[in-house]
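Undergrad: Have a look at the structure that comes next, please.
The values are calculated or read from the model by the stated rules, or taken from the named source; none is laboratory data. No experiment lies behind these values; they were computed from the predicted model shown. Glycine gets a Cβ as well: all are built from the backbone with ideal geometry, and neighbour counts include every protein chain shown.
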Amino acid sequence: MRTRFLLLGFAAVSAALAACGGGGGSSGGGTVPTPTSTPAATAPPIPGIGPFGSLQHFNVPQPTPPPQGQSAGAFSFSFPGGLPVSGSVSFPGQYAVVGSGETLALRLSSSAPSGVPSLSVARSAQSRRPMYTTSQVSTILYIGVQFGPNIVALETPPSFSITVPSSVILPGASYWLAAYDPTQPSLGWQLAFEGPAAIATGSSTLNFSGGGLYDFAGGSSNNTYWFALYAASSSLPPPTPAPTNQPVSFGCTNQPFDAGRRTLSTGPRPLATGDTSSYGGANSTLTQTIARGQPCPEPTATAVASVSDAVTVAATTAPSGAAAWDAQSIESDAFATNTVTTTTDSIVNEDATHEFTYGNTITDENGDTIQTRYNSPQTVDELPEGSGHSWSINPAGTVNETLTDNTSIARTYAADGSYQETDQLAGATTTINERADGSGSYTIGSLGTLTVSAPSAGTITLAIGAGSITIPAWFTTPVTVYGDTFADNGPQSSPSWCQPAVTATNPDQIVETLAITDPVLGYTENRTTTYYDSQTYGTVCMQILDTLNEYYDYLQDTPISPGVFVSGNASPLQTNTISEFYVMNSTPTINAIARRSGAGGVSALARSKAGAIDSIRAMQRMQRMRNLQRYIRRSETGGRSS
Amino acid sequence: MKRLFLAPALAVAVLAAAACSGGSAVPGGASSGALEWGQEQLGGAAFVGPANVDHLEVNVVVRQQNASGLLQYARGANNPASPLYRQFLTPQQIADRFGASAQDYHNAAQYFASRNLSVGGWPQRLTLAVAGSQSNVERAFGTHFGVYRKNGEEFIAPMSAPQLPAAIPVVAAANLVTYDVQRRDIVVPPRVGNNAVSGYAPQQVQAAFDYTGAYKTVVGGSALNGTGINVGIIGTGPIDVIGGQDQDAATLATTFRVRMAPIAIATVTPSGVAAGLKISGIPTAPPSSPSPNNPPPNPNLFPFSADFQSPPPVTSPKCTGPLPTCNPEDVEAQLDTQQIASLAPGSNVMFYLAYNASDCHVYFPNSCAPAPPSPPPNSNYGQPLEGLLEADAEIQQAIADDKADVISISWGGGEPENIGGYYTASGSGYGPEEFAALAAEGIAVFASSGDTGSAGCFGNTQRVCVQYPASDPSVTAVGGVNAPIDELGQFEAPITAWGTTTATNGGLGLGDSGGGVSTIFPAIAAQASTTGATMREVPDLAMLADPNTGVFVAVNSRFGGFLTGEIGGTSVAAPQSAAMWALVLEACKNTHACATAGGPFPYRLGNAAPLIYGIYGKKSGTGSPPAALPYPNVFYDVVYGQNPNLPGPGPANTPNPNATPVPGYVAGAGYDEVTGVGVPFAGHLIQAITGQAVP
């Protein structure tokens, strides 16, 4: 009955949240796919190691230097000897002490202490661990941490290293810590507070890296916070949420979301402040090729860079003022001759069923910035990840490019991908108007205008001043000037190049397909981005293949007349490809609730990495505009200076 | 006067004598008894008539104690394999070891002073500056001047072989023949006008060639940007410095929001003869109208003579008339200064502004008049002399100052056409000597390799030849490339050699990267050992030059025009290289293991070319330690393009369709005579040379 009551409560909360109507602008509908049934777990046959109990007091080091309240270094205490278990508990470096002589008591017990319920699934607070249900656990050890009469405040839970008898380590079992907060007894035991423990092969030492699933209120005086070491019967907790066939929407994005201080919600929350991940290693590379086929064929040029990328999540605010996360990617591409660093700040947020983005800001090492802001948040991942999801991005919004050399570009996209743009390039004001039917114009002040007709009967007409030329349309008609779609293909085998530093068997594969056709500037860009998402670690690998075909002669290898050289056929004059691979090269720091429990793979973090390529393409586009201006200028002036 | 009537016949005789001599005289070397005066350059010239100019400036070479020794020392001091490597000298040491003896210098100066000529000198005692009226110059040299025409150019030259008393220890006179075979290596496309919308901003160039890698590198507590390094330019155009601020550089800084190094005119004040040797009889006079561009001389250094005039102020481009009334900007000086100032923004830019008040008389000796309405093509009407002919005094001043750590030169002339003017056919002469002097002081000189591809000669565009001073063994030659870069400076297409047939620019045919094989100078040791060259091959490296991928330059800022784009030519490449080298030198200055040179400037590295070939010789490596960075990590090897010259111009500056291209060299893997070893990237260049790790 208890369990049933909790599930009903969970559903009630979900329904209430859905009713508030926020929905975060996510158009994905929030439909939860029919989940697999919860496996019937049994308690691992862990042999008892008790009974025993111990109590030891330790002095908490004062922050150094004074005054009190300053940060200090981490400290740790070892378990007392003479017990079947040994180990240590370590506290993080950020804490505050009020008063001197602060002490901490460490209690170890094989049985539930007085006043604290025994650990059991039935006693757990399901509403606080929506991703996890299991029927049976085997409790091994209870650890109590009691703070002294003065207040010790700790923002981050401790980490543990616990060595148990080897008989406790069983194949197929995973080891976890549950937490019990005496100041909030109604919550009961918080299962999966930390874990699963890292265990070296052949070892019986269980390492919990700290960080905690939930907030650790920390150090209320004289209260004892309890942790329970237990074993579960599978390596990963089975997925939740609870089965339902009804559409469920979680979260109200119109309400401020405190990204800095995690709140307890009812849905998967794969992002959290302080999350970090890094990518690099031998298989993280960027390869650019440039092949020029017409009118002056040149040898294909290839440049290869090794890629390193660090992603960090921090609190920020969305354009609406709501709390959000800044998923910052700092990518360094080390080519043979130089290194290019790009910083991308993606503003992201989430509700229970979506990761979405408000846009991003890309900053290159010159200090140039490209700021993209969507009119409404755009989905970059649907949660929980699984096969069958698909969605698209609506480009409506603004792109503002500001360069340190005084160049600026302001572009406004409509939902159909058409855009209007006003630019300042070296003192010249230019405007571009591209319509969804492929027609458009490019005007340099009063000097001249290139107009492009909509395709008709397979041809388009380019005109500069009085001159014009009609050529076969070099793009597919009817034209789609912009498309950006996602498809979740579910768990897939990792490709051979994807060998991350963490174990990620059959990560979820999400494929984003971006297609741009710009008849005014004469190019197409097709980008396929493939994310491999571990439900625990997030995107462990990622591949971007971007192909840009140019159909106008920006290098001016051809005579002035008829103004703009075009290939005249379906073959581009030049093809520029970028193929980039990212491989997670270290264990990420995960504060996020969902991913710590292995139910919240997320590609939103990884998506910020595309900023490096976005930057390259934007800068190339800008240069094409300049080069095209030369053509227009020359055509209008007969090849002479004005 | 009597000789004037005989002039045509005498000129023929002179030419005949020159032809027989075959350039065997030794200008600048130990006196052979005959004065070298450039008679070879009269070959093919037609006599026009007697000259009537009011003022002449002549650079005379005083007999050296050991001219060949200076060349040899420079080679050693710039050869990493030599025990003399980086044992650099001061101007006084050059004088004492190799230059004219004090007595000879004094005697020569006194001779010209006694002929009522102004005389100036420099502490290195290589040449004397002599100036005065035509009649006094004629009297001093025992000749008269006539006007000649060759290849469409009029110039003056002695109508008989100049004669000096046997006791006067002068072995050569540099510019008695004013046939100007030197050209600025700048290309201004005809379509370019004010407010052009294309051309690279400084930030693009900074990023493309990884100057930014240097800017990100903190050495000695500050980021590398050229701080503490003096970059010299030896050029011929005016720059507009008012109140210590270059007006055009300020415009570029404002337009692109880029930091610019301070730019100053390095005043040429030949001294030492009067102040040091106490020669009497030198006419003195204050400058007629001191101005920011015409500062009063230091009376303690030189008894200023009106015959050595400072450049007049810059005037509007609409000004009509010859120098000095009209002195508009020429883009070249603005290009050079702005490239260096924007790419090495912490450096000090010293512009050695070559100026000769009598340019219009010399170049158009019978017409110091406003330009005709339609100057003939390629006439260069009203433009000052260029190159060595004009800049001798400035080069000597740079040697004497010993302040510029690196020098950029964006001009040159056909190597064979300079025979007799600056060197003999065997490569000796005061041209190589003055560049050797700079190298002996540890000063790196970057010179443009030319804009006409394999045909570097002015007088005969159908002839394969390289350009001097780029081909000088003490100079690093800089060729050009087409580098399509985007707004971030990343490459949007491969870097290719600058060539009319490979980057056609719509058929405008605006030039090719100068390059080829010297017929006069042997390859420097480092080039020979790494490329197998026997004769000096140019260029050594390459930077931006194709106007299709040209740069923005601010010009005539005070007069309405303020920005022009797509400026190209190896005139772009040379200052870009010099600026990059300034960053290298700053890194060396702040790196204990590198700042080990002998002399007053321990951070100087001398000629850059040997070090470049040192890197080229390392075809592979791990890059650890940083100094071991191999060639592929430092240079972009340009493998596509060629430099056959398409003679022009035809209508509207297009190539002459009927002309036969001069065969060119082809860029390929490794060294080639179009782009040298390739395009350097600043960060890794610094790392490879100084060992200073760059992020």
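Undergrad: Any residue at all in the range B:584-604 that's within 14 Å of chain A (Cβ to nearest Cβ), buried (at least 24 other Cβ atoms within 10 Å of the Cβ) and of a type outside the set (G, A, S)?
TA: no
Undergrad: Still on this structure, I have one more. Would you point out the residue of the range A:598-642, among those that are at pLDDT 65 or above and assigned to a loop (DSSP other than H, G, I, E, B), that is farthest from the other protein chains (Cβ to nearest Cβ)?
TA: Ranking the candidates gives A:G598 first.
Undergrad: Mind telling me which of the residues B:E586, B:E566 ends up being in a strand (DSSP E or B) and either in contact with a Ser or Thr (Cβ under 8 Å, 6 or more places away or on another chain) or more than 30 Å from A:N549 (Cβ to Cβ) (or both)?
TA: After ruling out the rest, the residue left standing is B:E566.
Undergrad: In the range A:355-377, which residue that is more than 14 Å from A:Q328 (Cβ to Cβ) and within 14 Å of another protein chain (Cβ to nearest Cβ) is surrounded by the most Cβ atoms within 10 Å (Cβ to Cβ)?
TA: A:D364
Undergrad: Just one of the numbered conditions (1) more than 30 Å from A:Y532 (Cβ to Cβ); (2) surrounded by 22 or more Cβ atoms within 10 Å (Cβ to Cβ); (3) small (G, A, S) is not true of A:S408; which one?
TA: Status for A:S408: all satisfied but (2).
Undergrad: Looking at A:T253, A:T183, A:T244, which one is assigned to a loop (DSSP other than H, G, I, E, B) and either touching a strand residue (DSSP E or B) at 6+ places or on another chain (Cβ under 6 Å) or modelled with pLDDT of 70 or more (or both)?
TA: Only one candidate qualifies: A:T183.
Undergrad: What number of residues within the range B:254-267 are within 14 Å of chain A (Cβ to nearest Cβ), surrounded by fewer than 22 Cβ atoms within 10 Å (Cβ to Cβ) and either in contact with a helix residue (DSSP H, G or I) (Cβ under 8 Å, 6 or more places away or on another chain) or acidic (D, E) (or both)?
TA: The number of residues fulfilling the criteria is 2.
Undergrad: If you check A:E382, A:E401, which single one turns out to be of a type outside the set (S, T, Y), within 14 Å of chain B (Cβ to nearest Cβ) and crowded, with 18+ Cβ neighbours inside 10 Å?
TA: On inspection, the qualifying residue turns out to be A:E401.
Undergrad: Which one of these does A:I510 not meet: (1) in a loop (DSSP other than H, G, I, E, B); (2) buried (at least 21 other Cβ atoms within 10 Å of the Cβ)?
TA: If we test A:I510 against (1) in a loop (DSSP other than H, G, I, E, B); (2) buried (at least 21 other Cβ atoms within 10 Å of the Cβ), just (1) comes out false.
Undergrad: I would also like to ask the following. Could you tell me whether any residue of the range B:443-462 is part of a loop (DSSP other than H, G, I, E, B), closer than 30 Å to B:G598 by Cβ, more than 14 Å from chain A (Cβ to nearest Cβ) and of a type in the set (D, E)?
TA: Checking the range B:443-462: not a single residue is part of a loop (DSSP other than H, G, I, E, B), closer than 30 Å to B:G598 by Cβ, more than 14 Å from chain A (Cβ to nearest Cβ) and of a type in the set (D, E).
Undergrad: Step by step: first the residues of the range B:671-695, then only those that are of a type outside the set (V, I, T) and more than 20 Å from B:L343 (Cβ to Cβ), then the one that is nearest to the other protein chains (Cβ to nearest Cβ). Which residue is that?
TA: B:A693
Undergrad: Conditions first: (1) closer than 30 Å to B:P610 by Cα; (2) at pLDDT 90 or above. B:V555 passes all but one, so which condition is the exception?
TA: Of (1) closer than 30 Å to B:P610 by Cα; (2) at pLDDT 90 or above, only one is false for B:V555: (1).
Undergrad: Filter the range A:420-432 for residues that are without any contact (Cβ under 8 Å) to a residue 60 or more places away in the chain and assigned to a strand (DSSP E or B); which is farthest from the other protein chains (Cβ to nearest Cβ)?
TA: Restricting to residues being without any contact (Cβ under 8 Å) to a residue 60 or more places away in the chain and assigned to a strand (DSSP E or B), the top hit is A:Q420.
Undergrad: Go through (1) exposed (fewer than 15 other Cβ atoms within 10 Å of the Cβ); (2) within 14 Å of chain B (Cβ to nearest Cβ) and name the single condition A:A415 misses.
TA: (2)
Undergrad: For the range A:442-491: of the residues being among the small types (G, A, S) and part of a strand (DSSP E or B), which is farthest from A:H354 (Cα to Cα)?
TA: Once the filter is applied, the top-ranked residue is A:G467.
Undergrad: Within the range B:90-186, which helices (runs of 4 or more DSSP H) (wholly inside it) include 3 or more residues that are more than 25 Å from the chain's Cα centre (by Cα) and touching a residue at least 12 places away in the same chain (Cβ under 8 Å)?
TA: Per the criteria, B:102-114, B:134-141.
Undergrad: I'd like the full set of residues that are outside any strand (DSSP E or B) and either surrounded by fewer than 24 Cβ atoms within 10 Å (Cβ to Cβ) or among the polar types (S, T, N, Q) (or both), limited to the range B:223-238.
TA: B:N225, B:T227, B:G228, B:T236
Residue-by-condition table, conditions (1) farther than 18 Å from A:T341 by Cβ; (2) facing chain B (nearest Cβ under 10 Å):
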position: A:Q288; (1), (2): no, yes
position: A:G293; (1), (2): yes, no
position: A:A303; (1), (2): no, yes
position: A:S306; (1), (2): no, no
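Undergrad: I'm told A:L555 meets every condition in (1) at pLDDT 70 or above; (2) within 11 Å of chain B (Cβ to nearest Cβ); (3) outside any strand (DSSP E or B) except one. Can you identify the failing condition by its number?
TA: Just one mismatch for A:L555, condition (1).
Undergrad: While we're on this one: Which residue, of A:D345, A:D309, is buried (at least 24 other Cβ atoms within 10 Å of the Cβ), within 26 Å of B:K216 (Cβ to Cβ) and acidic (D, E)?
TA: A:D309 is the lone residue from the list that is buried (at least 24 other Cβ atoms within 10 Å of the Cβ), within 26 Å of B:K216 (Cβ to Cβ) and acidic (D, E).
Undergrad: A follow-up question, please. Considering every residue within the range B:419-431, establish whether at least one is within 14 Å of the chain's Cα centre (by Cα), under 30 Å from B:Y603 (Cα atoms) and not charged (D, E, K, R).
TA: Yes - at least one qualifying residue is present in the range B:419-431.
Undergrad: Right, something else. Give the range B:201-222 a look and list any residue that's more than 8 Å from chain A (Cβ to nearest Cβ), modelled with pLDDT of 90 or more and not in a loop (DSSP other than H, G, I, E, B), or say none.
TA: Listed by number, the residues that qualify are B:V205, B:A208, B:Y211, B:A214, B:Y215, B:V218.
Undergrad: Counting only residues that are farther than 18 Å from A:V311 by Cα, among the hydroxyl-bearing types (S, T, Y) and modelled with pLDDT of 85 or more, how many does the range A:263-294 have?
TA: 2
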